[in-house]
Amino acid sequence: MNLTNISNIIKKFGKYLLIFFVSYYLIILVIAPGSASLIKAIFSKKEPANISFGLLDPLEFVEKPIGQNTPEYVLNTKDGRLPTNFPDKMIVYKFKPQQYSYLAGKNAIADANTLGFTEKDLISDLKGDIYKWRNSSTGSLLTIEIETRKLELSTNLNGRNIDFSPGSINQQTAIEAAKALFTSIFRFEDSLYTEGTQAVKLGSYLGNKLYETTDIREAQVALVDFYRSINSYQILGPDPSKGLLRCIVRDKSQGKYPMNHPMIEAYYWEIVTPSNATYPIISPKEAWDAVKGGRGVITMVTPKEANPFDTNTPVNIERILIDNIFLAYYETPNYQKYMQPIYVFSGTYTTRGASGGDIAIYFPAVAGQYTKQTTPPSQ
């Protein structure tokens with residue numbers, strides 16, 4: 001075999017190798033995803049939706065301010081594509097209806113006593129639906145809505161370094177303290193919470209302010225968020241970075257209430273399970289087109305330098321890069337009858353003169369024809 005024949009063989013081999021690789025990547029990147037969707041559409045057994053709840057109320061999202069800019073939206077997923085493996089319908093769940101109880105007022109007072117507030121701290125009358133207490137020594141304000149059981153406790157923690165010992169709390173003891181706290185005020189009875197997940201951020205003082213720390217030798221308090229899921233789907237509140245059960249806790253051995261838990265937020269809606277109601281949902285493309293068109297609601301903006309123990313100021317966002325798209329369920333602090341699925345678009349944002357941060361956008365997943373249409377106010 002001479003050199004000419006060998007050269008021809010190598011050229012042919014190279015050509016076939018090139019054809020092989022081009023064909024392979026064409027199948028992987030173009031044909032396979034479409035084929036999978038086609039096969040799924042043809043052979044999957046389609047059960048009709050069971051729209052047993054009728055038309056659903058429109059969801060009420062809480063929008064985060066982002067300044068005057070109209071941001072640019074960029075799809076930044078790993079393969080540069082929208083997901084294709086989403087269902088075409090999802091279960092809709094019912095929240096247990098609010099029921100008036102003659103014991104609601106007494107229960108609220110009992111919860112306040114458990115949290116360290118006494119009759120002398122009461123600053124509202126007991127005739128309305130909202131009871132309020134203020135602790136004279138700590139300045140802590142407790143608010144309880146007696147019908148909804150919505151509970152909020154806030155304390156100005158600036159300059160209170162002396163109330164919290166360094167190295168007194170860690171991730172595990174924080175979760176235990178938070179579970180005990182919510183159990184003591186009967187806000188931890190839902191099995192979805194007891195079987196759910198928790199997120200913990202440790203805090204320590206630098207000067208007069210609390211900041212996040214990862215060093216347990218410095219940790220003085222902990223911020224604990226509780227999350228729940230149903231059928232492997234997360235249940236998210238108005239801000240996906242915050243649980244609807246959340247609190248700041250310290251080591252209980254340090255003293256009396258309410259400084260053991262200077263911040264509490266508890267919104268407690270029980271879910272009726274199981275549910276056989278299913279509703280058609282829009283496709284990822286429809287949801288993405290709506291978000292690109294500015295119809296999504298920005299529900300979380302977290303700058304890279306954000307302090308979880310402080311409030312963040314609004315930022316001007318120029319560009320939003322969506323890294324992940326997933327389905328979840330939405331739960332609002334304001335009572336609604338049904339828990340509905342939503343699309344969540346999460347990623348990062350950029351802005352001029354700052355380091356950017358994390359962002360999340362919500363959009364309703366249930367197809368619009370199955371939702372009550374809001375009537376614009378008359379002129």
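We did not get these values from a lab; they are worked out from the coordinates using the rules stated. Just so it is clear, the structure is predicted and the values come from calculations on it, not from any experiment. Counting neighbours? That spans all protein chains shown, and the Cβs are built from the backbone with ideal geometry, glycine included.
What the table shows:
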| item | result |
| --- | --- |
| Unit charges on C-beta of K, R, D, E only; dipole of the chain, Debye | 1020 |
| Kirkwood hydrodynamic radius (C-alpha pairs) into Stokes-Einstein, the chain, 37 °C and 0.692 mPa s, D in µm²/s | 136 |
| Cα pair count fraction exceeding 13 Å, expressed as % - region 87-133 | 66 |
| Neighbour-count order for S241, S101, S191, fewest beta carbons within 10 angstrom listed first | S191, S101, S241 |
| Set of aspartates and glutamates near K78 by C-alpha distance (under 13 Å), chain-local residues within fewer than 8 positions excluded | D323 |
| Karplus-derived 3J(HN,Hα), 6.51/-1.76/1.60, for each residue of region 51-67, Hz, glycine and proline x | 8, 6, 8, x, 6, 8, 5, x, 6, 10, 8, 10, 7, 8, x, 10, x |
| FRET efficiency estimate (nearest 0.05) - Cβ-Cβ, N50 to K304, R0 41 angstrom | 0.35 |
| Within a Gaussian network of the chain (alpha carbon springs, distance under 10 Å), most fluctuating of I162, I359, I264 | I162 |
| Of K96/K120; K242/K304; K94/K132; K150/K337, those spanning more than 23 Å from alpha-carbon to alpha-carbon | K96/K120; K94/K132 |
| Trypsin sites (Lys or Arg not before Pro) restricted to DSSP loop in region 286-335 with at most 15 other C-beta within 10 Å | R295, K304 |
| Estimated distance in nm for a label pair at E60 and N208, the labels positioned 7 Å out from Cα along Cα-to-Cβ | 3.7 |
| Descending principal axes extents, region 125-165, alpha-carbon based, whole Å | 38, 18, 13 |
| Separation in nanometres of the label points that stand 7 Å from Cα toward Cβ, at L82 and I123 | 5.0 |
| Relative contact order of the chain, defined on C-alpha pairs under 8 angstrom at six or more residues apart (%) | 23 |
| Residues of region 291-331 with amide N under 11 Å of a point placed 7 Å along Cα→Cβ from T348 | 304, 321-323 |
| Debye log10 I(q)/I(0) for region 227-379, one point scatterer per Cα, at q = 0.17 Å⁻¹ | -1.14 |
| For region 104-268, projected area of the alpha-carbon convex hull averaged over all directions, nm² | 9.8 |
| At R0 = 22 Å, FRET efficiency that the Cβ-Cβ distance of I162 and E218 yields, to 0.05 | 0.90 |
